[in-house]
Amino acid sequence: MTDGGPANSTQTLSYVVFQDSFKDFRFAYGTAVAVLLLIITVIVGVLLTTVLRRREVAA
């Protein structure tokens with residue numbers, strides 16, 4: 001739609017992975033960014049699960 005908007009201000013991380021991997025043919029860089037996104041998502045998920053379980057036990 002906006003292809004990242006003015007100065008790439010609306011570009012999401014998943015779009016960066018797609019663009020680097022398939023449009024620019026930089027597969028290694030796209031894979032590295034995707035793995036970092038996965039690691040960040042897993043860390044946030046584990047933290048949220050831990051916090052919510054602690055709240056449940058305390059209540």
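The values are calculated or read from the model by the stated rules, or taken from the named source; none is laboratory data. Just so you know, these numbers come straight off a predicted model, no measurement behind them. Methodologically, a virtual Cβ is constructed for each residue, glycine included, from the backbone with ideal geometry; neighbour enumeration extends over all protein chains shown. Side chains included, ligands, DNA and RNA excluded: accessible areas come from the protein's heavy atoms. Shrake-Rupley method; radii C 1.70, N 1.55, O 1.52, S 1.80 Å.
Tabulated data
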| read-out | value |
| --- | --- |
| Accessible surface, region 16-59, averaged per residue in Å² (probe 1.4 Å) | 85 |
| Taking the convex hull of Cα positions in the chain, its mean projected area over all directions (nm²) | 5.6 |
| Computed magnitude of the charge dipole of the chain (debye, nearest 20; Cβ of K, R +1, Cβ of D, E -1) | 300 |
| Stretchable slack from Thr49 to Phe22, in nm (0.36 nm times residue separation minus alpha-carbon distance) | 6.3 nm |
| Whole-percent carbon and sulfur share, accessible surface of the chain, 1.4 Å | 69 |
| Of Tyr15, Val57, Thr31, farthest towards positive along the dipole that unit charges on Lys, Arg, Asp, Glu beta carbons give the chain | Val57 |
| Calculated FRET efficiency for the pair Thr10/Leu36, C-beta based, R₀ 35 Å, to 0.05 | 0.95 |
